[in-house]
Structure formats: structure tokens, C-alpha cells
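Asks: Supplied in C-alpha cells, the structure appears directly below.
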């Protein structure tokens with residue numbers, strides 16, 4: 001707060017003001033009588049650090065503060081504020097130079113009630129939070145609908161895939177098997193193709209190694225020997241057939 005206060009034509013500097021100027025500072029919040037009572041109360045209840053009081057430039061001690069009273073004396077139709085003693089004795093001389101500090105006088109004025117502003121701020125924050133919560137709930141509802149639809153779509157796709165795999169497995173399991181020992185030389189490509197289809201479904205990693213497939217199909221203990229009791233003598237024939245079949249399986 002500024003230490004220079006203008007009251008009509010009077011200018012006060014140095015941070016202090018007279019009793020008359022103090023009552024002007026407290027108007028129009030207080031009438032002169034109310035301002036005098038308010039000032040008296042502050043002088044009596046507070047020490048110098050809370051509400052400084054000076055007399056002829058000197059700090060008024062605690063004992064004198066306790067018996068000080070601001071009064072209004074009428075002179076020539078005007079109210080002249082002064083401080084009198086309420087204690088025993090002859091009292092104090094009239095017209096002494098009493099001074100107060102401007103900042104402390106201004107602190108006696110009613111302060112703005114910030115409670116309503118705080119309530120309004122809290123209400124606005126609560127309304128904003130409620131609006132945000134409503135938006136979030138709406139978005140959550142939409143997300144749940146999308147998730148439900150996606151879940152149903154995945155379940156349907158999984159069911160179709162399982163049904164298709166079951167049909168393929170049933171079809172390959174029903175392929176006719178040849179008895180060992182009986183030679184069907186002309187059928188070996190067909191038998192080998194059926195086995196590769198079975199491998200594609202049950203052991204697809206094996207189809208990635210053509211050399212391993214050739215060894216699996218031919219040889220004394222190979223698949224063809226076990227199935228039809230015969231295998232081409234030249235593994236290259238088997239290799240060419242496997243390579244041709246892999247074009248359709250991969």
C-alpha cells in the first residue's frame with residue numbers, strides 16, 4: 001500500500017496520519033463515532049507492532065495505550081478527534097499531536113469477503129469436472145460398443161477358421177492308405193502329395209526344408225517305402241516332384 005494518501009486537499013507522507021485524517025480514511029465504511037470506537041479498540045487491544053500510536057513523535061507505551069480513548073470534541077460545529085485517558089488522575093492535555101500509521105488504519109476497514117468468490121470458483125471447478133466426467137462416460141460407452149462388436153467378429157472368425165480346419169483335417173484323414181508291401185509305382189506322386197498336404201496342416205515347418213522332405217520320402221525307411229513299398233531310385237525325381245507340389249502348398 002502506498003505511504004502517500006490524498007484526503008481532499010491534505011497530502012500525508014512518511015506513512016503516518018493524524019487522528020482526523022485517520023477518521024477520514026475510515027469513512028464512509030464507518031461513521032465518525034464508529035471510527036473513533038474502532039480506533040480505540042485497536043489501540044487498547046494491540047501493541048505497538050500491531051497498531052502503532054505516536055504522541056508528539058514518540059511511541060506510546062503499553063500502559064498508556066490501555067487507558068487511551070479516541071473522543072470527538074465539538075468545536076465551532078466541527079468534530080475534532082482527540083485522545084483522552086480513561087485512567088485515574090487529571091488525564092492528559094488536550095490537543096497533543098497524536099499520530100497513527102496509515103497502513104494499520106486502512107487495515108481496520110472491512111476486508112472483501114473472499115468466501116463467496118472461493119465458493120463460486122469451487123462450483124465452477126465442480127461443474128467442469130462433472131462435464132468432463134460425462135464426456136468420458138460417453139466415450140467409454142462408445143468404446144465398449146466397438147469392443148463388443150470387435151469381440152463378436154473375432155469369435156465368429158475363430159469359429160469359421162476352426163470349422164474349416166476340421167473339414168480339411170477330416171478330408172486328409174480319409175485319404176486312402178496303401179498297404180505296405182504292395183507296389184503301386186504309378187501312384188507315388190499322388191501318395192506323396194497327400195502326405196505333403198497332411199504335413200502342411202500338422203507340421204508346416206517341415207515344408208521349409210526340401211532336402212529334409214526328400215530324405216523323409218525316399219530311402220529304406222522313407223515314407224513311400226512304408227506306404228506303397230516302393231520309392232523312385234533317383235532322389236532327383238522325388239525332389240522335382242516335391243518342388244512342383246510346394247508351389248501349391250506354400
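The values are calculated or read from the model by the stated rules, or taken from the named source; none is laboratory data. Since this is a predicted model, take the numbers as computed values, not measurements. Cβ: placed from backbone, ideal geometry, glycine included. Neighbour counts: every protein chain shown.
Asks: Would you check if residue 93 is within 51 Å of the chain's Cα centre (by Cα) and over 19 Å from residue 28 (Cα atoms)?
Replies: Details: within 51 Å of the chain's Cα centre (by Cα): no; over 19 Å from residue 28 (Cα atoms): yes.
Spelling it out, it is not the case that residue 93 is within 51 Å of the chain's Cα centre (by Cα) and over 19 Å from residue 28 (Cα atoms).
Asks: Follow-up question, since we're still on this one. Residues that are under 22 Å from residue 41 (Cβ atoms), outside the structural domain of residue 20 (by TED's automatic domain parsing) and at pLDDT below 90: does the range 113-136 have at least one?
Replies: In the first step, residues of the range 113-136 are kept if they are under 22 Å from residue 41 (Cβ atoms); the result is 113.
Now restrict to residues that are outside the structural domain of residue 20 (by TED's automatic domain parsing): 113.
Going one step further and asking which of them are at pLDDT below 90, we end up with 113.
The answer is yes, given that some residue of the range 113-136 is under 22 Å from residue 41 (Cβ atoms), outside the structural domain of residue 20 (by TED's automatic domain parsing) and at pLDDT below 90.
Asks: Still on this structure: Contact list please: Cβ distance under 6 Å, first residue in the range 35-59 and without any contact (Cβ under 8 Å) to a residue 24 or more places away in the chain, second residue in a loop (DSSP other than H, G, I, E, B), pairs at least six apart or on different chains.
Replies: 59/48
Asks: Among the residues in the range 42-55, are any surrounded by 16 or more Cβ atoms within 10 Å (Cβ to Cβ), over 58 Å from the mean Cα position of the chain (by Cα) and in the same structural domain as residue 102 (by TED's automatic domain parsing)?
Replies: Checked the range 42-55: at least one residue is surrounded by 16 or more Cβ atoms within 10 Å (Cβ to Cβ), over 58 Å from the mean Cα position of the chain (by Cα) and in the same structural domain as residue 102 (by TED's automatic domain parsing).
Asks: Another question, if that's okay. Of the conditions (1) at pLDDT below 95; (2) outside any helix (DSSP H, G or I), residue 23 fails just one. Which one is it?
Replies: The failed condition is (2).
Asks: Could you list, in sequence order, the residues of the range 2-20 that are under 20 Å from residue 111 (Cα atoms) and either exposed (fewer than 10 other Cβ atoms within 10 Å of the Cβ) or modelled with pLDDT of 90 or more (or both)?
Replies: First, the residues of the range 2-20 that are under 20 Å from residue 111 (Cα atoms): 2-3, 5.
Within the range 2-20, 2 is the sole residue that qualifies.
Asks: Looking only at the range 96-114, decide whether some residue is part of a helix (DSSP H, G or I), without any contact (Cβ under 8 Å) to a residue 12 or more places away in the chain and over 30 Å from residue 64 (Cβ atoms). Lay out the reasoning, then the answer.
Replies: From the range 96-114, those part of a helix (DSSP H, G or I) are 102-106; that's our starting set.
Then drop every residue that is not without any contact (Cβ under 8 Å) to a residue 12 or more places away in the chain, which leaves none.
Among the residues of the range 96-114, not one is part of a helix (DSSP H, G or I), without any contact (Cβ under 8 Å) to a residue 12 or more places away in the chain and over 30 Å from residue 64 (Cβ atoms), which makes the answer no.
Asks: Regarding the range 137-151, can at least one residue be identified that is within 30 Å of residue 203 (Cα to Cα) and at pLDDT below 90?
Replies: Yes, the conditions are met somewhere in the range 137-151.
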